[in-house]
1. Per-residue ellipticity at 222 nm for chain A, helices alone: DSSP H runs ≥ 4 residues times -39500 (n - 2.57), over residue total, nearest 500 deg cm²/dmol?
2. Assuming R0 = 56 Å, what is the FRET efficiency of A:Ala236 and B:Lys234, from their Cβ-Cβ distance, to the nearest 0.05?
3. Give, in nm to one decimal, the length gained when the segment between B:Phe152 and B:Glu176 is fully stretched (0.36 nm per residue of separation minus the Cα-Cα distance).
4. Among A:Ala96, A:Leu7, A:Ser109, pick out the residue whose Cα is farthest towards the positive end of the charge dipole of chain A, where Lys and Arg carry +1 and Asp and Glu carry -1 on C-beta, about the Cα centre.
5. If you take each beta carbon of peptide A:179-188 and count the beta carbons of other chains within 10 angstrom, what is the mean?
6. May I ask you to list the residues of segment A:256-273 whose amide nitrogen lies under 20 Å from a point 7 Å from Cα along the Cα→beta-carbon direction of A:Met310?
7. For chains B and A, what's the summed buried accessible area, probe 1.4 Å, to the nearest 100 square angstrom?
8. Given the convex hull over the Cα atoms of segment B:85-124, what projected area results after averaging over all orientations, in nm²?
Amino acid sequence: MDFQTILSLSLQSALGPTAVIYALAAIGLNVHFGYTGLLNFGQAGFMMVAGYALVSFPIVLGLSLWLGALAGLLLTVVLALLLGVPTLRLRADYLAIVTIAAAEIIRQSIGAATLSDTFGGQDGLTGFIEPFRALNPYTGSIGIPGLVTWSAFDFWVMTVGWVLVAISCVVIWLLMRSPWGRVLKSIREDEDAVRSLGKNVYSYKMQALMLGGLFGALAGFITALRSASIGPSFFATDVTFFAYTVLLIGGAARVLGPVAGSIIFWFLISGLGIFFAQATGGADPLIPASIMTSTQASLMRFIFLGLGLMLLMIFRPQGIFGDRRELAIDAR
Amino acid sequence: MPAEQTTAAAGDTPGNGSRADSTAAREALNQVDHRPGSAKPDPIVVADNVTRQFGGLTAVDVEHVEIQRGVITALIGPNGAGKTTFFNVLTGFDKPQSGTWSFNGRPLSGVPAYQVARMGMVRTFQLTKVLAKLHVVENMRLGATGQSGERFLSALLQRWGGQERQITDKADKLLERFLLDKKRNDFAGSLSGGQRKLLEMARALMADPELVMLDEPMAGVNPALKQSLLGHVKSLRDEGRTVLFVEHDMDMVRDISDWVIVMAQGTIVAEGPPDSVMANKSVIDAYLGSHHDQDLSEDVEEEIIAAAEAEIAGTTKTEERK
Ligand SMILES: Nc1ncnc2c1ncn2[C@@H]1O[C@H](COP(=O)(O)OP(=O)(O)OP(=O)(O)O)[C@@H](O)[C@H]1O
Ligand SMILES: [Mg+2]
């Protein structure tokens, strides 16, 4: 058992590009669910639309990658409109159904064989990364030697990513302390009360859906940049559910909740994964094959994560940053 | 007039002009017929042929009704008479099957609830709708209209501090008036039922409404506070606002209303000043009951006690016989 390696790899993942992606996706869900009470189960769809727009601009249209980023942001706004117009006047569950379906429709369509000439089908697209790589100021491997290191490219993605996360958090902080944020939180509590006070609830829900979708778009960009490629399998439904898990761990309706949640989530997922891999691997494993083989062990991290989530919901249902007193109100 | 008041000035003592107005408005009611659907000299709300059915049940079927501006009108009637449903229709929270209704002469059919509120017609709910996870003062601040900080860009650029201070001042004044100032920084969800009623009423006033519609404002409020609330409602009228309220507490209705409208089974069955309506035979039969105007004075109390004692004595006797 090599705890040094476990710690090192867990840290690498907890601060690495993947954690950035889930932090951004969860910041978006925090706007939707945490602040406004909108159930968006299709965050992966927003990420995918933005990611593919980014990549398609250079690969399919022969235009600049940066223009692709702009197009990605615009398209997520359009997607939010398409999803919101029919559903936001209805009860909350309709948005949930429509978003989860839309995300799958987008994924199946982009990955479809008929469109494989354009979008590369299930294999996706590559070869767009050069303009981004060219800006990379780092060389070699970066980090704290002996504790945790990243490749220069990963570190460049992380730099851009964490800067985006920081900006996003500041934006959320500014917005949610303002009267605009107050309206969102009020909508979460009781739409009719907000209506009776002369606020256009529908318009605020639409703004929230768009804003949260835009953070999803940033997550989609980083997804494509991190792998220097993009494919339908990057945006499966579990992406959205992992992002919700991240949000719940950190605490909904808290500015830093998604960030802390993502770091903790990826630390635990990698740590548990490596621990069980080591415990069942090698010539004389800690856990003998009669109890658990290494294939079975690879699933153990999810079992433990589920267990952890249950314990969290029982003992700290408000998440790490949540406010216990707020939750006590629900009990009335 | 409230519509012209600036956000900051509201809640201040009203001028003498509006006070005279409200007396004039009340006197104008003297000329009005005491029959359902009678025309008022200066109506703020007019509704015609409004029907709302739930399946086979006709909850509201109002042929014609007018609400006089600048006075306090009470809407009374038995449980299930359709009072709340009529409120919902008027304020855009429910859509009737047919009918037209207007506020200040502007037709309101199809106008969404939030726009109705912006026009100056703000209502409270029978089942209170406080924003549980917001602090009491935040609930109040939400009520203010025309907040520039509620627009996305101004919010992001933080251009709302000055206005927020004005709003907070106003909120604090109202909270004090409704005896909620000690609860200012508590979650609204931690308030008691009566306190929620108070908060909701105070929050509605943050919007500076021209017409305040209160659905059972006194339900669950203790007697002492009720007295001071009655004073507040009257002062709303003196500020030049119009008040329409639903209430089952006949003392309150008698005490503060200038005009009473009685609904039963969806229709308006009687109208008039409180005394005349409460003397109306059909109203007494349908709603008030024959003992409605008797306080539990000593003789009545003695009568009841005597009757009860007789009954107890009777039962003991039967038991003894066994
Ligand atoms: N959403 C609804 N669906 C079906 N029926 C309804 C609905 N809302 C109200 N009703 C019916 O309409 C009628 C009028 O209800 P409403 O709530 O307007 O009465 P109310 O006069 O406010 O009574 P109360 O004094 O008890 O508050 C009742 O018979 C009620 O059952
Ligand atoms: Mg009612």
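1. Value at 222 nm, helices only: -22000 deg cm²/dmol.
2. Values: r = 64 Å, r/R0 = 1.14.
Using R0 = 56 Å, I get an efficiency of 0.30.
3. Numbers: separation 24, 0.36 × 24 = 8.64 nm, distance 3.13 nm.
Gain in length upon complete extension: 5.5 nm.
4. A:Ala96
5. Values: counts 15, 11, 3, 11, 5, 0, 5, 7, 1, 4.
Mean shielding count: 6.
6. Only A:265, A:268-269, A:272-273 fall inside the zone, counting backbone N under 20 Å.
7. Numbers: alone 16180 and 15630 Å², together 28730 Å².
Summed over both sides, the interface buries about 3100 Å².
8. Details: hull surface 10.4 nm².
Value for segment B:85-124: 2.6 nm².
The values are calculated or read from the model by the stated rules, or taken from the named source; none is laboratory data. Small disclaimer: the values here were computed from a predicted structure and weren't measured. FYI the Cβ positions are ideal-geometry reconstructions off the backbone, even for glycines, and counts take in every protein chain you see. Accessible surface is based on the protein model in full, side chains and every heavy atom, while ligands, DNA and RNA are left aside. Shrake-Rupley method; radii C 1.70, N 1.55, O 1.52, S 1.80 Å.
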